[in-house]
1. Quick test for you: out of 243, 223, 218, pick the one residue that is assigned to a helix (DSSP H, G or I), under 23 Å from residue 255 (Cα atoms) and in contact (Cβ under 8 Å) with a residue 40 or more places away in the chain.
2. Just to be sure I understand, how many residues within the range 129-145 are within 14 Å of the ligand (Cβ to nearest atom) and either among the hydrophobic types (A, V, I, L, M, F, W, C) or part of a strand (DSSP E or B) (or both)?
3. Could you check the range 21-56 and list, in sequence order, the residues that are more than 19 Å from residue 80 (Cβ to Cβ) and touching a Gly at 6+ places or on another chain (Cβ under 6 Å)?
4. Only helices (runs of 4 or more DSSP H) wholly contained in the range 24-122 count here; list those with 3 or more residues that are farther than 26 Å from residue 185 by Cα, under 18 Å from the mean Cα position of the chain (by Cα) and away from the ligand (no atom under 16 Å from the Cβ).
5. Does the range 120-139 contain at least one residue that is touching a helix residue (DSSP H, G or I) at 6+ places or on another chain (Cβ under 6 Å) and at pLDDT below 95?
6. From the list 149, 176, which one is surrounded by 15 or more Cβ atoms within 10 Å (Cβ to Cβ), within 15 Å of the ligand (Cβ to nearest atom) and either among the basic types (Lys, Arg) or farther than 16 Å from residue 72 by Cβ (or both)?
7. Please indicate, with yes or no, whether at least one residue in the range 177-196 is assigned by TED's automatic domain parsing to the domain that holds residue 36, in a loop (DSSP other than H, G, I, E, B) and of a type in the set (Gly, Ala, Ser).
Amino acid sequence: MPDLSQATPYADGKILKQVTDGVGVITFNNPDKRNAMSLEMWEGFGEALTDLRDDEAVRVVILRGAGGKAFVSGADISQFEKTRHNAAASEEYSKRSAAQRALLADYPKPTIACIQGFCLGGGMQVAMLADIRIAAHDSQFGIPAAKLGIAYGYDGLKHLVSLVGPSWARLLMYTGMRIDSTEALRIGLVERVIPDDQLWGETMAIAMTISQNAPLAIKAAKITIAEVLKDESARDMGAIKAIGTACMDSSDFREGRQAFMDKRKPQFQGK
Ligand code: COA
């Protein structure tokens, strides 16, 4: 587990942020409610994401839930009566929470969702927006929108369909069923499943590897993969070319070549 004693609090401490060795960590910290997300937490999450985005020491960001029982159990249903009781209220609510998720969708640094326990509804939305999902054996995944009478929205479903395909997306959405990690791994919802007690160590090891690699090369991969996923008419080939040029002209590329020839570990600067 990360040491949360030095963490920076947002949303009254229900969102925590810390940085270790180039790795930023955001913890959803409302374990009594299985880390259900209130509007204040969505906004705190956005602030923490922004601060880590602007922190030059941070090369990769991990998202995790506190308490060992949940990543995020979805939006805080107890707020719905006040903030999401009809279409107009729901639109305002969605706008405020979607603005924070948009930050994650367009995040310039690699992101990893480290999932232990329940990952439901809005929690799935967050996890699916991360670049990579690593889950503990005992995790459970689901989108119970049909059990609550909620329309899940374009962005959430776009990511679900692109990860698991339309048929599994329909099965999950029509039934609101929960699936375990083994099934989630099989259908492509998560990339790796790890024993519970090794989850944090394994996730950090992946994050450390990423943080020591060449930032521009990772950015090139991130931008290019995002463009591959867009419709051809919306695809920005210029952005791919620009990051490719920046990467191949970078001093990091020189350092990578030199370090290989010198048989030493490269020291990348991100330029
Ligand atoms: N919103 C608000 N409160 C929530 C919540 C959510 N999404 N998920 C859990 N909680 C609260 C519970 O109401 C309970 O509060 P209480 O202690 O005051 O009674 C507490 O968290 C613990 O939940 P509990 O159901 O007792 O724990 P559990 O381990 O048996 O089950 C869940 C955990 C997550 C499976 C279950 O709480 C659940 O189904 N939550 C709703 C999930 C959901 O529908 N998410 C989509 C929202 S759009």
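1. One residue alone meets the criteria, 218.
2. 5
3. 31, 52
4. Fully inside the range 24-122 and qualifying: 39-54.
5. no
6. 176
7. yes
Residue-by-condition table, conditions (1) more than 27 Å from residue 206 (Cα to Cα); (2) of a type outside the set (Lys, Arg); (3) touching a Cys at 6+ places or on another chain (Cβ under 7 Å):
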residue	(1), (2), (3)
15	no, yes, no
37	no, yes, no
42	no, yes, no
64	no, no, yes
82	yes, no, no
93	yes, yes, no
96	yes, no, no
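The values are calculated or read from the model by the stated rules, or taken from the named source; none is laboratory data. Just so it is clear, the structure is predicted and the values come from calculations on it, not from any experiment. All Cβ positions, even for glycine, are placed from backbone atoms using ideal geometry, and neighbour counts span all protein chains on display.
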